[in-house]
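Heads up, the thing below is written out as structure tokens.
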Amino acid sequence: MARPRCPHCHHVQQGTEWYCPQHGVLLNAPAPSADEEDLPAPGWASAPPASADASPQVCGECGAAVVSRSNSRCTSCNSSLRPAPVVVRPRASTPIALELGSGARIGRCPRWSPHAAVVADFPNVSRRHATVHVDDRCRVWITPERTPNGTFVNGCEIPEQMAYQLKDGDEVGLAKEFRAVVRIRQEEGGDPS
């Protein structure tokens, strides 16, 4: 049986991962083929990978086939076909994709946070816990709200209501158990610092 692949770079699922480590998108299951064991190894010795900036062949959200590589949005679900520049990827939940100039409130209150379902299984995460924001230069910031359970970056607690800049690969912790990794997609020649 064929293993799921990233629609952007064709990364093949390793172990129990369900999201591409580079793009943070859900890995899509390819159509089974008779010679799937002959597919190129991740080193791509026989064929170069698709450009990270190229449109995927299928939509990462709904799995619909991309009609034209010139499309920037899916014709079925209207989702962006370009990978998000920033993804906050929880260990066992749906990743939160952020575009430049956007933010995401993270907490258990669905009226305050559209991502409440991501932390619903963690009762020690506050109803209004923290906000992650991406500025126009792709710098990522987290601002903890007033909470008794703390917000952590790489295991160190950060002060409440003070913006803290995150780097690619930083682990964000909300309260005792919730953990997520921040992935920042670098444009060629770009520097988010």
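The values are calculated or read from the model by the stated rules, or taken from the named source; none is laboratory data. It should be emphasised that the depicted structure is a prediction, and the values quoted were computed from it without experimental measurement. Cβ atoms come from the backbone with ideal geometry, glycine included; neighbour counts cover every protein chain shown.
Table for the structure above
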| read-out | value |
| --- | --- |
| Some residue of the stretch 98-105 being under 26 Å from Ala64 (Cα atoms), buried (at least 20 other Cβ atoms within 10 Å of the Cβ) and either modelled with pLDDT of 90 or more or within 16 Å of the chain's Cα centre (by Cα) (or both) | yes |
| Within the stretch 149-165, tally of residues that are surrounded by fewer than 19 Cβ atoms within 10 Å (Cβ to Cβ), of a type outside the set (A, V, I, L, M, F, W, C), at negative phi and within 22 Å of the chain's Cα centre (by Cα) | 2 |
| Any hit, the stretch 181-188, residues being surrounded by fewer than 20 Cβ atoms within 10 Å (Cβ to Cβ) and modelled with pLDDT of 90 or more | yes |
| Leading residue by the ranking (surrounded by the fewest Cβ atoms within 10 Å (Cβ to Cβ)) among those in the stretch 106-148 that are over 18 Å from Ile184 (Cβ atoms) and polar (S, T, N, Q) | Asn124 |
| The stretch 129-167: number of residues that are among the small types (Gly, Ala, Ser) and either free of Cβ contacts under 8 Å to residues at least 24 places away in the same chain or more than 14 Å from Ile106 (Cα to Cα) (or both) | 2 |
| Which numbered condition Val88 misses (of (1) at pLDDT 80 or above; (2) buried (at least 20 other Cβ atoms within 10 Å of the Cβ); (3) farther than 20 Å from Arg183 by Cβ) | (3) |
| The stretch 89-99, residues that are touching a strand residue (DSSP E or B) at 6+ places or on another chain (Cβ under 6 Å) and farther than 19 Å from Gly173 by Cβ | Ala97 |
| Residue match in the stretch 124-131 (condition: in contact with a Gly (Cβ under 7 Å, 6 or more places away or on another chain) and of a type in the set (A, V, I, L, M, F, W, C)) | yes |
